[in-house]
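Have a look at the structure below before the remarks.
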Amino acid sequence: MNEKMRRLALGAGIPLAVAGVGLGPYLAYRSELPDRVAVHYDSAGRPDGSMGTEVFLLVIGGVMAIGLIALLSIALTRRRFQPMVAPGVSSMGAFVATLFAGILALTAIEQRGLDRWQDATLSPVAVIAWIGGSILIAGLAAWIASSLPFKADTGTGAAPPSMTLAPGERVFWSSTLTARWPLPLSMVPLAVALAVARFVEPWVVLLLLVAAVALASFGRIRVTADRSGLQVRYGFLGWPRTSVPIHRIATAQAIDVRPVEWGGWGYRGSLAVMRRAAVVLRAGPGLRLDLHNGKVFAVTIDDPDEPARLLNAEVARLPTSGTPLA
């Protein structure tokens, strides 16, 4: 697919499909809807809030349009973006647009023929399908946008340094980085979970607790490098972890990480979808891996020169060094 087709898919194909999915059922069943439609449900699935049908269309359609405009703006812009900007904006725009298109469609489908909005029901299966579909469309948009032209990004541009290793010599490198911001930030979903525990379903509390644990895990990372490649372990338990096998690495180099260029702080991007990913705990020194398939992985860490030299040395003595592998 050439660049023109990718831009058409991003700026027209996805928006038209999303708008059709949302507006189609609503326009088809508009005359069968009650004067007011249910727009909010309590923890037991009972409707407890409503809105006039025309106002509902204006509000939901307006938010959906914002997401579609984000997609269109990326597709029409000819300038080269920062590598993470186009996929990030496209995925967020696609997610918002699809999510609200789903709300529009589900409301029309599930409330047609009702006399009162209080009789409305909400199918959990339909909700899961709509949220899952929104995530898939967001991933598709990010994947398409990741192939659009972006600003030249080759790290420092310097020749990758390499460590001198004797035949059979094995070297292991490890370093730990601790950041202050994740722990206090993790207190927010934890406090919300404790505050609403008596009023919401258990699964809502569970999701908030998972979010708190996930945020806290970014307070500490341990990065290791050896002949097997690079590993990043999160939190004090060392789980989850991110691994980059040595056979996937083309070169490694020390860089100066600027969070804005990588999409912010935390785990940013996706190697599978956006072709770039980074673990960013703070601005400053970091290790960048350029992979054989054109993908890039980076992690903030102190003294990145040593793991860069080690990984380059291990890449150099691979039997098939330089052969692209997935």
All positions within the range 78-102 that are more than 15 Å from the chain's Cα centre (by Cα) and surrounded by fewer than 19 Cβ atoms within 10 Å (Cβ to Cβ) = Arg78, Arg79, Arg80, Phe81, Gln82
Tell me, please, whether a residue that is in contact with a Lys or Arg (Cβ under 8 Å, 6 or more places away or on another chain), open to solvent by 40 Å² or more (accessible area, probe 1.4 Å) and farther than 24 Å from Ala44 by Cβ can be found in the range 125-148.
-> yes
Condition check for Arg276: open to solvent by less than 10 Å² (accessible area, probe 1.4 Å) and among the basic types (Lys, Arg) = no
Could you list, in sequence order, all residues of the range 18-55 that are charged (D, E, K, R) and part of a helix (DSSP H, G or I)?
-> Arg30, Glu32, Glu54
Count - residues of the range 40-53 that are modelled with pLDDT under 90, surrounded by 15 or more Cβ atoms within 10 Å (Cβ to Cβ) and touching a Phe, Trp or Tyr at 6+ places or on another chain (Cβ under 8 Å) | 1
What number of residues within the range 2-19 satisfy the criterion of being in contact (Cβ under 8 Å) with a residue 12 or more places away in the chain, open to solvent by 30 Å² or more (accessible area, probe 1.4 Å) and over 15 Å from Ser90 (Cα atoms)?
-> 1
Quick one: is Val63 assigned to a helix (DSSP H, G or I) and without any contact (Cβ under 8 Å) to a residue 12 or more places away in the chain?
-> no
Of the residues that sit in the range 187-219 and are crowded, with 19+ Cβ neighbours inside 10 Å and closer than 28 Å to Pro307 by Cβ, which one is modelled with the highest pLDDT?
-> Gly219
Which one is farthest from the chain's Cα centre (by Cα) among residues in the range 210-227 that are in a strand (DSSP E or B) and among the aliphatic types (A, V, I, L, M)?
-> Ala225
Scope the range 20-39; condition aliphatic (A, V, I, L, M), open to solvent by 50 Å² or more (accessible area, probe 1.4 Å) and out of contact with any Pro (no Cβ under 9 Å at 6 or more places or on another chain); matching residues | Val21, Leu23, Leu27, Ala28
Filtering strands (runs of 3 or more DSSP E) wholly in the range 228-321 for at least 1 residues that are β-branched (Val, Ile, Thr) gives 229-234, 241-245, 249-257, 276-280, 296-300
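The values are calculated or read from the model by the stated rules, or taken from the named source; none is laboratory data. All values derive from a computational prediction rather than experimental measurement. Every residue, glycine as well, gets a Cβ built from its backbone with ideal geometry; the counts of neighbours run over all protein chains shown. The accessibility values were calculated without ligands, DNA or RNA, using every heavy atom of the protein model including side chains. Shrake-Rupley method; radii C 1.70, N 1.55, O 1.52, S 1.80 Å.
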